[in-house]
1. So for region 103-113 (the condition being farther than 25 Å from N40 by Cβ, assigned to a loop (DSSP other than H, G, I, E, B) and among the acidic types (D, E)), does at least one residue qualify?
2. Can you tell me which condition S62 does not meet? The list is (1) farther than 30 Å from D133 by Cα; (2) in contact with a Ser or Thr (Cβ under 7 Å, 6 or more places away or on another chain), and all the others hold.
3. When you look at N119, is it modelled with pLDDT under 95 and on the phi < 0 side of the Ramachandran plot, yes or no?
4. Do we find a residue being on the phi < 0 side of the Ramachandran plot and at pLDDT below 95 anywhere in region 129-137?
5. For region 122-180, which residues satisfy the criterion of being under 17 Å from Q93 (Cβ atoms), among the charged types (D, E, K, R) and not in a helix (DSSP H, G or I)?
6. What single numbered condition from (1) closer than 19 Å to I76 by Cα; (2) open to solvent by 50 Å² or more (accessible area, probe 1.4 Å) fails to hold for G136?
7. May I ask you to list the residues in region 104-113 that are open to solvent by less than 70 Å² (accessible area, probe 1.4 Å) and under 17 Å from the mean Cα position of the chain (by Cα)?
8. Kindly list the number of the only condition in (1) surrounded by 15 or more Cβ atoms within 10 Å (Cβ to Cβ); (2) farther than 28 Å from T150 by Cα; (3) modelled with pLDDT of 95 or more that fails for D51.
Amino acid sequence: KTWLVNTNKLVRFYEGVDGLKTGYTKTAMYCLTATAKKNNIRFLTVVMGADTAEHRSEDTTSMLNYAFTTYKVNTILDKKKIIGEIEVNRGQQNKGTFSVKEEVTDLIKQNEEKSYSYNITKYKVNAPVNKGDVVGKLEVIDNNGKIVKTVDVIMNEDIKKNNFFTLYWDLFKKVINGYQ
């Protein structure tokens, strides 16, 4: 049998705490680095120089309480949301849709409201293109003009390359309608 003792008492007594490291040295005294996650947000605290193990836990608890009551994660763009369309050259479809590769979030104060705008850079896309292929970049800009995050945008569907007949037909239509 193995018996383990966790000197981070907050793992048992503070909801959401899942680690990390306790320690003591003569120079640094009692130290605690803790992580906690609640409501899709994780905070990390570092306490050094506490005179007792109890005080390092109290200081950590105070910091976590402050963080969880003061801040929230604001979801700006869900990765499942279609952001726009992109042209696909030489594809069996002329256009496809794209989304952000990962969820875009911002850490804001609980009572704060922010608005955002986007700059999208689309790459030139030639068929074949697969679902999940990176087809551009998206910059998220907050209401203060600050770039919050830059993320890849990805293709939402597979688009196969045209065969000879469909390539010929597309060329014929362009000749009849004039190249635009």
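1. First pass over region 103-113, keeping only residues farther than 25 Å from N40 by Cβ: none.
No; the residues of region 103-113 include none that is farther than 25 Å from N40 by Cβ, assigned to a loop (DSSP other than H, G, I, E, B) and among the acidic types (D, E).
2. Looking at each condition in turn, S62 falls short on (2).
3. Details: modelled with pLDDT under 95: no; on the phi < 0 side of the Ramachandran plot: yes.
So N119 fails the test.
4. no
5. Answer for region 122-180, where residues must be under 17 Å from Q93 (Cβ atoms), among the charged types (D, E, K, R) and not in a helix (DSSP H, G or I): K122, K124, K131, D133, E157, D158, K160, K161.
6. The one condition G136 does not meet is (2).
7. Let us first name the residues in region 104-113 that are open to solvent by less than 70 Å² (accessible area, probe 1.4 Å), namely 104-106, 108, 112.
Answer for region 104-113, where residues must be open to solvent by less than 70 Å² (accessible area, probe 1.4 Å) and under 17 Å from the mean Cα position of the chain (by Cα): V104, T105, D106, I108.
8. Result: D51 passes all but (1).
The values are calculated or read from the model by the stated rules, or taken from the named source; none is laboratory data. It should be emphasised that the depicted structure is a prediction, and the values quoted were computed from it without experimental measurement. All Cβ positions, even for glycine, are placed from backbone atoms using ideal geometry, and neighbour counts span all protein chains on display. With ligands, DNA and RNA removed, areas are computed over all heavy atoms of the protein, side chains included. Shrake-Rupley method; radii C 1.70, N 1.55, O 1.52, S 1.80 Å.
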